[in-house]
Structure formats: C-alpha cells, structure tokens
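One structure is given here, and the rest of the page talks about it.
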Amino acid sequence: MKNRWFTPLLVITTCGSAAAHFFLTNEPIRFAVASLSLLLWAALLGKATEAVAHYAGERLGGFLNATFGNAAELIIAIFLVKKGLFDMVKASLTGSIIGNLLLVLGLSLFFGGLKYKTQSFNTMLAGHNASLMLLAVIVLFVPAAFHGGLDQQEVRTVSLVISGLLILGYLLWLVFSMITHKKELGEEPAGTKEADANFIPPTVDEPAWSRGVSILLLVVSTFFIALQSEWMVGSIESVAHALGWSELFVGAFLIAIIGNAAEHSAAIFLAMKNRMGAAVEIAVGSSLQISLFVAPTLVFISLLFGRPMDLTFTPYELAAIAVSAFIASSISRDGSTNWFEGVLLLIVYAILGTVFYLV
Amino acid sequence: MKNRWFTPLLVITTCGSAAAHFFLTNEPIRFAVASLSLLLWAALLGKATEAVAHYAGERLGGFLNATFGNAAELIIAIFLVKKGLFDMVKASLTGSIIGNLLLVLGLSLFFGGLKYKTQSFNTMLAGHNASLMLLAVIVLFVPAAFHGGLDQQEVRTVSLVISGLLILGYLLWLVFSMITHKKELGEEPAGTKEADANFIPPTVDEPAWSRGVSILLLVVSTFFIALQSEWMVGSIESVAHALGWSELFVGAFLIAIIGNAAEHSAAIFLAMKNRMGAAVEIAVGSSLQISLFVAPTLVFISLLFGRPMDLTFTPYELAAIAVSAFIASSISRDGSTNWFEGVLLLIVYAILGTVFYLV
Amino acid sequence: MKNRWFTPLLVITTCGSAAAHFFLTNEPIRFAVASLSLLLWAALLGKATEAVAHYAGERLGGFLNATFGNAAELIIAIFLVKKGLFDMVKASLTGSIIGNLLLVLGLSLFFGGLKYKTQSFNTMLAGHNASLMLLAVIVLFVPAAFHGGLDQQEVRTVSLVISGLLILGYLLWLVFSMITHKKELGEEPAGTKEADANFIPPTVDEPAWSRGVSILLLVVSTFFIALQSEWMVGSIESVAHALGWSELFVGAFLIAIIGNAAEHSAAIFLAMKNRMGAAVEIAVGSSLQISLFVAPTLVFISLLFGRPMDLTFTPYELAAIAVSAFIASSISRDGSTNWFEGVLLLIVYAILGTVFYLV
C-alpha cells in the first residue's frame, strides 16, 4: 500500500480491538473498533490476493482466496456446531451462500461494469459453475423434499450419504479444475477475446510485493480477519438484539456480510481491474465451497462431538438459496457481464433481506 | 393499406361499435361489432408499428409497441383496482404475462418459422430478457413463499418494498438498454449473421407512410384498440357467464387474449417479415413490462385509492407464470428460433388453458 | 464380435434362461441366468447399434436405438396397465426417465470423458433436447400442481387432453428433426469442430456386418432383451422382497436399470468411440420418448382396458424427474461434455437412489 498512514492505522486499530475485547465491556465500542480493523485487513487482503493472483494465475488465486475467506466461516461454524446451535449454523451458511452469489457478485459486476462496458470470463468455467450451483441446490433440496417420508434416523443417514458424496464430488472438482482440465478453465480464452477488441492488459502495474511476501500477507491478513470477525460477531449479537433484529436476519445477513468482508473487497478490487475471471471465482467459488465442502464437513464434524447435525434447511432458507442460485447462474452462464446484471443481483438481495428482516 | 375497402370498413365498424355500446343492450351484438372493429384496428397498428420500427430501429420500435400495447391493460387494471377487484386484476396480469410469453411468442415463432428455416436475434438481448423474466418470477414468488411467516401488514410492506425495487430496476433497464448499451443490444449482430448466410433485406418495401404519419397512426390505433377492448370487456363478461365459464378463465385467457390483440398481430407481422428481434421485443418485452412495471405501479396506485393491494398471487397463477417464463426463456436463450419452438410454446399454452378452464 | 466363445455362450445362457423360466421354481437361479443372458444380448445390441449408426447416421441410429430400447418398457408397462397397477407403471416410468438422464448419460460422459478430454455434439440439438425435457417436466407437473382444484373426473380429462397434445408434439418433433431441420440437427457441426482440433475419425473400423445383417441383429437382440427383461422382472420381485426392498425402489431403480440395459451398453460404447452425438441421442432421446410418447400412449391404452389411468405422479416422483431434467439440461445445454459432468450426474443418481431406498 502506498499510503504512509495505512500500516500505522492497521496496527493501532488491531491493538485497539484486542484491548477492547479483553478489557472493555462496552459492546458498541468493541463493535466499532473491530469493524474498522476488519475493513483495513480486508483492504490488505484484497491487495495481497491481487498480488498472489498475479503470480499464480486467476483461478488458483481465486481458489486460494475463496479458501482463506471461508476458513473464518468454517472455524466460527465449528464452534456453533460444538454448542449444538444447528439453526444458527444453517442460517449463517445460507447467508454466506446468498451473500456471495448476490451481494459480492452483484457489487463486483456493478462496480466493474461502471468502469468497463462488458467484462468477460471463461464460458466453460461459467457453465460448470452453474451446474455445480444447481447440484448444490438439488442436494440441499432433496432432504427437505423427502422429509415427510423419512424418520429422524433416516434423515441423518441421508444427510451422511449426501455429505460423503458431496465431499467426493468436491475433491473430484479440484482434480478436474486443477489437474485434468486446468488449461481449458484458465484465463486464456477471455484474454484472447479482449485482445480482439480493445485490449487493456488486466494488470499493468507490477505487484508491490514478491511472491513469498504476497503469500505471507494473504495468510496473515486472513488470520486477522478471522480473529476480528469472531470478536465482532461476539459483540454484534448484543448490538443487534438491542436494535430488535431477529436471529434469522442476524445470522443470514449481518454475520454473513461481515464474515465475507474479505471476499467482498477482494472480488470488487479484481473486478475493477477487469480481472472478472478471478472475481467470479471468489464470489461463486466461495459459495460453492460452502455448500459442497463446508456444509458436508460440518455434518461429519458434528458426529465427532456426538451431536449429529442433519442437512435439512428450513423452507425459507431453501427458497433463498434456490432463488440466488437460479438468478446468479442465469446471469453468469454466458461468461459476459455488465453493470445492469449487477443491479439485478443486488435487487434480489435487497428483496430477500427485506423478507428475512420481517419474517 | 393497399386495400380500397379497408378504411371505409374501419370507420363503419368503429361507428357501429360506438352505436351498439351507447344505444343497444344486446350483449352478443355489441361483442361481435367491437371484436370486428378491434381486429381491423389491430391490423392497422401492426402496419403502423412496422413503419415506426423502420424509422426507429427494431428495439425502440418494439419498446414503443409494447408500451402502447400495455397502455390499454394498465387503464383497464386501474379501473379494476379502483373498484377493489384485486383478484380480477391479478388474473388479468397473469393472463397477459403468459399470453405474451406463450401465445404471442408461440404464434410469431410458428408463422415466422414456416416462412424462414431459422430466425435469429441478438443473443445478448435474449440472455438479458431471460434473466429479467427470472427476476419477475422470483419477485412474484417471494411474497407467496414467505406468506406463512408474515402478517397482513407485513405482506403489504414487502409488496411495497418489492414494487419500489422493481420500478427502480425497470428504470435502470431502460437506462441500460436505451443509453449505455444501446449498440450492444441493437440489431446489427443479427443482421451480420444474415449477411453471412443467405441475405434477404428484412424490409424490402418502403413503409407506406412518412415518419410523422406512422407515429400518429400508432397513437390513434392504440387509442381505439384500448377503447374497443374496454367495450368488449364490458360485454364479454355477460357473454362468458352465459356460456358458463369461470372468472379465472375469463380474466386470465379471454380478457388477456383480446387485450393483447395489438401485440399479437404486430409481432406476427414482424416475424413473418423476418424481423424476429422486434417480434421478440414485443412479446417478451410486453410481459416483462407487465410484471416489472405495470404490476408494481398498480400497487402504488392502489395506495392512492386508499385500498392497498399486495403482490401475493395464487399458487395457480404463480405456477402458470413460472412455467411460462421457464419454457420461454429456455427457447429464446440461444437467440435462434424455428417453427417447432413455436409449437412447444403453443402446447404449453393449450395445457394451461385447459387446466384454468376446469379449475 | 471377434470372440470365438461369444456366440456359443449367448445361445447357452438364452436356452438356460428359457429352461429355468419354464421348468424351475428357484427364483435366484432364474434371476442369475436371465441377468447373464441379458448382459450378453445387450453387448450384441451395442455392437449392432454401432453398425446401424455407421450406415444410418448418428441421429437416426440413436433414434432407432432409443425406440427399440423403449419397446421393452412399453410392452411391460402395457401388461401392468392391464392389471391396473398404475403406481408401479408410474414408478417404472419415473425410473426410466431418471435412469436415462442420470445413469446412462452419466456413465457415457464419464467413460467417454476418460478417453477424450472434451467431447462435443450439435448445440442446436442440445438446446432443443433441453427445451423438450423442460416441456416434459412442466407437463407432468401441471396435473399435480392443479390437483387440489380438480375432481377425479376433471383430472382424467386434463390427463387425456395433455396426452393428446404430447403425442401431437412428439409427432411434430419427428417431422422437425427427421424432415424439415434434419440437416441442422445432424452430426456435421460436431464433425467440423473435431476437424479443427485433433481430428480422429469417430469410427475408424468398418462395422463387422452388412447393413441388412446389422438391422436384423438390432431387431433380434431387442426382442431377446425384452424377453429376458420380462423374465427377470418376474423373478426379481420375489428376490427383492426377500432382501426387504420397497416397491418404489424396485420399480424406479431395479426394474429401470435392467430394462434400460440395452441403452446403457449402447450409449457407453458409442461415447467411448467419441460418437457423443449418438450417445446423447440414446440417453436423452430415450427419456424424452418415455415422457412425451410412452406415458401419454399408456393413458390412451388404459381407456381401451376400461380402467382410465391419469398422469398424476407422486410428489417424490415429480421431484426426482424435475431434479434430473434440470441437472441433465444444465450439463448438456452447451453441447460439450467431460468426465466431471458425468460424475455430477452419477452423484445426483446416487443421492436419489439413497432417498428412494429409505422412503
């Protein structure tokens, strides 16, 4: 970062947040300091991701970012599963999925689209992402659809079988996208298209850091974002309850927005640099990772704690996930985006937010 | 119109219809004369739209036609809202949406496809239309899906928020399609494709009227179609009840077919001249305008009358709208059409008609 | 077949199966012998289909195969309709549709994709197949969605009207795909694409038989597969009941897998020879034929027996069909396939199998 005051401010807010967490009991102050620190770390993560993506290529960079971004959510969710707060877990997973598909993708498309008339990315990747999203919807929909005909034990068996199959599918997707079809899903095709039209090299400026430093910053800023997220979540509940907001709204919107701050900033940064492939990989890849990897992993982890969790989401959560997946898949399927498509995603997010707030 | 007898016939039937409306009480005669007059005005509107589209370009011409075509429905719906007949309003909106997506588009594809083997239009426009249709379905589906968890007041709040967001989205769509991305959504790409293959200039004959006369005829014929539609609707109810048809069927099919006569004839005319871009713009654009602009506007207008209307459609109406949007979007997404795709749309229309008749 | 022992083994198992069927009462032995004979006939059918496809072109060959493959199911279903076992008929139709869309297509994509990095077929055909699948889902969904508002007699009327429209649509599809747009849906476009890349002529080896012998073998092996399927189905029920499996699982999975053995082997053979167009035609074409032709035909045939059957499927069956159609259409829409897309289809099949087993 070129700004002289950035590093001092980062250190001050982080120390301040730690001090507030351990020594203060005033929740609004804790909340405010943690938020500020989180935003600065998210900005640093955005820069670090950009640099890593420069060295590693768009897709691997996007994958790394999505994984680091979800590490925070996975850790928080494990603590919730341990306490048996399954409804809160599912609400925050739902919120993460729709937040990534609608808010992160919507803002990326909107701000990227204001700068570039049309942005494009690999259509084969877009098609596979759409099919994987559909798989995620199907998989979460099946236990609910057949719920009436199954007893509690059978629902758990179905959840375990589905979880195992999903993790298998996710591992095979990694084999497919990172090994056997790495080249086909890469950034070349999009690059060629741009070359035909008015070619602007996506990243003209060299990254500020070397490869090693970039990766280190990626790891460190992810760690601090996870830490600050958790502290913030701890105080946000009492703040939210003071404002009279429902648990579903807090779990699915507030926690999810804050927990995904990293993805938000990184994806929007990349979109505004016309690296739409990496931005989509973060937004869509992150929600796929949650539904195809984080959710089934939590089912198995719940077994370790001796409190088996199933995969049965509420109809409201399923409706929200299905709606998000359909509109995001319809918009991204052609591998070409613009600002209006971002507006559509944000409108659906606002509608779901309104309904979850009132329910 | 080249036919010497066209103008006299138009004047005679219009005067006859007015005479029947003010001086006769025999409903079947009123109905028959108004129908005949309506058909002739619709034919004139078709020609006028063609001429305006010649001067204004396919998309603006299609948009003007869709707007003029929906003016009639908006006026009728406002009168129904004033009387508090919300169920009838929603049935006729449903009927308009499915009538445009299935009947108008189906007939255009079928008759256009009989003449030209494959007809194509801008795929970017097709993709956006599909996404907008999906948004419309989502938006009408959300209040119904969350209905159980909301009280009457909250349903109204949700309906108002959604209506505001939809109107915002529709205005931004106009900005997008008429200003920022006008060129990309235009007719050139389709034109280029045709040029590659066996090029037949879409409109070989010069329009019969100048630009000003064409626009005047567009406005005048739209006005008379609205007038005749209303008179016809007035008498059709008693005719239909005499035949023992249900209110839902009359609202969703009979009123919708007659109210959309203008779109029907104009779209089919254009399709048979191989101007598929304009035909699709009329059919799909008209149903989008109804769901994204007319319906939310009626919610706000209902507030003015002191009788707030919500956006909660019945499950039957939602099923019909969803089914229509999915099949129409599946067929039009690739920007290429043929007669068999028209048959598919007409089959779905016939199935929905049968079910609505019996329910 | 080059193997010297193939023909003797085929004759021995077929005679053995006949002997077991008529003279033995030990169900497991009957089952085992019929299975073995069935597998060998299926292998022969695979070879014969390949040879016929060589002479007739991919699409006609695929169509012939799908038709011969479904002849067995139609015959079995007619016997079940005659006995009034409507639930079993619908379960086996459901099983056939999802078996073809998920298992047959999934295995073809997977094994074909292991050999060839990316396999492609005509995108126009893929788009029409997707739209037809959607039509099938809509059509089976409508009677169930409006079930609440209709009495028993009206459900039958709706079923008859829908069946008539479906058969009309299917006949027009044959006109479209075999007459008016035969060339556009043919194999050329895929062939050209391959030519651009690394061209391997799809069938380097000449078929072993002449045109006439190939067709004869197609007919004969289809006949024996139908015969062995029926004998196997006769004994499988008692075997299955001994194992404690539910009727729904047996109808929708076991009977469907065995009844489609012919399609399975033929489609996988063709996929592994990089003739993906013909493989998709068998898998998707077969499930379309069942939903658009076999099911409505059975409704009319049920009238002849004086026991009218309706088209109302159970919610579980509808959910399974909808899920299969959506994922298969999402995957095949782009006309390009790979091994991972096969994995996705197989995962969904495994999930549905688990749920149907437990329900």
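The values are calculated or read from the model by the stated rules, or taken from the named source; none is laboratory data. These numbers were taken from a predicted model, which means no experiment stands behind them. For neighbour counting, all protein chains shown are included, and Cβ atoms are generated from backbone atoms with ideal geometry for every residue, glycine included. All accessible areas refer to the heavy atoms of the entire protein, side chains included, with ligands and DNA or RNA removed. Shrake-Rupley method; radii C 1.70, N 1.55, O 1.52, S 1.80 Å.
For the range B:124-165, the set of residues classified as within 30 Å of C:Glu184 (Cα to Cα) and either more than 10 Å from chain A (Cβ to nearest Cβ) or of a type in the set (Asp, Glu) (or both) consists of B:Leu125, B:Asn129, listed by residue number.
Residues in the range A:322-329 include none that are of a type in the set (Ser, Thr, Tyr), free of Cβ contacts under 8 Å to residues at least 24 places away in the same chain and under 23 Å from B:Ser330 (Cα atoms). The set of residues in the range A:305-329 being open to solvent by less than 10 Å² (accessible area, probe 1.4 Å) and polar (S, T, N, Q) consists of A:Ser324 alone. Restricting the search to helices (runs of 4 or more DSSP H) fully inside the range A:44-158 and requiring at least 1 residues that are modelled with pLDDT under 80 gives A:58-82, A:86-98, A:123-145.
The single condition among (1) touching a strand residue (DSSP E or B) at 6+ places or on another chain (Cβ under 8 Å); (2) of a type in the set (A, V, I, L, M, F, W, C); (3) closer than 23 Å to A:Phe326 by Cα that B:Ala295 does not meet is (1). A single entry from A:Ser332, A:Ser324 fulfils the requirement of being modelled with pLDDT under 85 and within 30 Å of A:Gly164 (Cβ to Cβ): A:Ser332.
Please verify whether the range B:185-194 includes one or more residues that are open to solvent by less than 70 Å² (accessible area, probe 1.4 Å) and at pLDDT 75 or above.
no
Scanning the range C:325-347 for residues that are small (Gly, Ala, Ser) and within 9 Å of chain A (Cβ to nearest Cβ) yields C:Ser330, C:Ser336. Of the residues making up the range B:150-166, those that are more than 22 Å from B:Ala328 (Cα to Cα) and touching a Ser or Thr at 6+ places or on another chain (Cβ under 9 Å) are B:Leu150, B:Val155, B:Thr157, B:Val158, B:Ser159, B:Val161, B:Ile162, B:Ser163, B:Leu165. Residues that are more than 16 Å from C:Ala261 (Cβ to Cβ) and either open to solvent by 60 Å² or more (accessible area, probe 1.4 Å) or charged (D, E, K, R) (or both) within the range C:211-224 comprise C:Arg211, C:Val213, C:Ile215, C:Leu216, C:Val219, listed in sequence order. Any chance the range A:348-358 includes a residue that's more than 10 Å from chain B (Cβ to nearest Cβ), hydrophobic (A, V, I, L, M, F, W, C) and open to solvent by 10 Å² or more (accessible area, probe 1.4 Å)? No, the range A:348-358 contains no residue that is more than 10 Å from chain B (Cβ to nearest Cβ), hydrophobic (A, V, I, L, M, F, W, C) and open to solvent by 10 Å² or more (accessible area, probe 1.4 Å).
Looking for something open to solvent by 20 Å² or more (accessible area, probe 1.4 Å), within 25 Å of A:Leu345 (Cβ to Cβ) and acidic (Asp, Glu) - is there at least one such residue anywhere in the range A:151-161? Within the range A:151-161, not a single residue is open to solvent by 20 Å² or more (accessible area, probe 1.4 Å), within 25 Å of A:Leu345 (Cβ to Cβ) and acidic (Asp, Glu). Can you find a residue in the range C:141-149 that is in contact with a strand residue (DSSP E or B) (Cβ under 6 Å, 6 or more places away or on another chain), of a type outside the set (Lys, Arg) and either within 19 Å of B:Ser330 (Cα to Cα) or touching a residue at least 12 places away in the same chain (Cβ under 8 Å) (or both)? For the range C:141-149, residues in contact with a strand residue (DSSP E or B) (Cβ under 6 Å, 6 or more places away or on another chain), of a type outside the set (Lys, Arg) and either within 19 Å of B:Ser330 (Cα to Cα) or touching a residue at least 12 places away in the same chain (Cβ under 8 Å) (or both): absent. Please determine whether any residue of the range A:199-210 is among the aromatic types (Phe, Trp, Tyr), part of a helix (DSSP H, G or I), modelled with pLDDT of 75 or more and open to solvent by 40 Å² or more (accessible area, probe 1.4 Å). No - not one qualifying residue is present in the range A:199-210. Put simply, of B:Ser238, B:Ser246 the only residue that is over 19 Å from the mean Cα position of the chain (by Cα), of a type outside the set (Phe, Trp, Tyr) and closer than 19 Å to B:Ser35 by Cα is B:Ser238.
In the range B:330-347, how many residues are open to solvent by 20 Å² or more (accessible area, probe 1.4 Å) and part of a helix (DSSP H, G or I)? Residues in the range B:330-347 being open to solvent by 20 Å² or more (accessible area, probe 1.4 Å) and part of a helix (DSSP H, G or I): 2 in total. A count restricted to the range C:100-120 and to residues that are touching an Asp or Glu at 6+ places or on another chain (Cβ under 9 Å) and surrounded by fewer than 24 Cβ atoms within 10 Å (Cβ to Cβ) stands at 4.
Looking only at residues of the range C:104-123 that are within 13 Å of another protein chain (Cβ to nearest Cβ) and small (Gly, Ala, Ser), we find that the one that is farthest from C:Leu254 (Cα to Cα) is C:Ser120. Can you confirm whether B:Leu298 is open to solvent by 10 Å² or more (accessible area, probe 1.4 Å), under 21 Å from B:Ile225 (Cβ atoms), more than 14 Å from chain C (Cβ to nearest Cβ) and not polar (S, T, N, Q)? It is false that B:Leu298 is open to solvent by 10 Å² or more (accessible area, probe 1.4 Å), under 21 Å from B:Ile225 (Cβ atoms), more than 14 Å from chain C (Cβ to nearest Cβ) and not polar (S, T, N, Q). Among residues belonging to the range C:35-53 that are of a type outside the set (A, V, I, L, M) and open to solvent by less than 10 Å² (accessible area, probe 1.4 Å), point out the one that is nearest to C:Ala20 (Cα to Cα). It comes out as C:Ser37.
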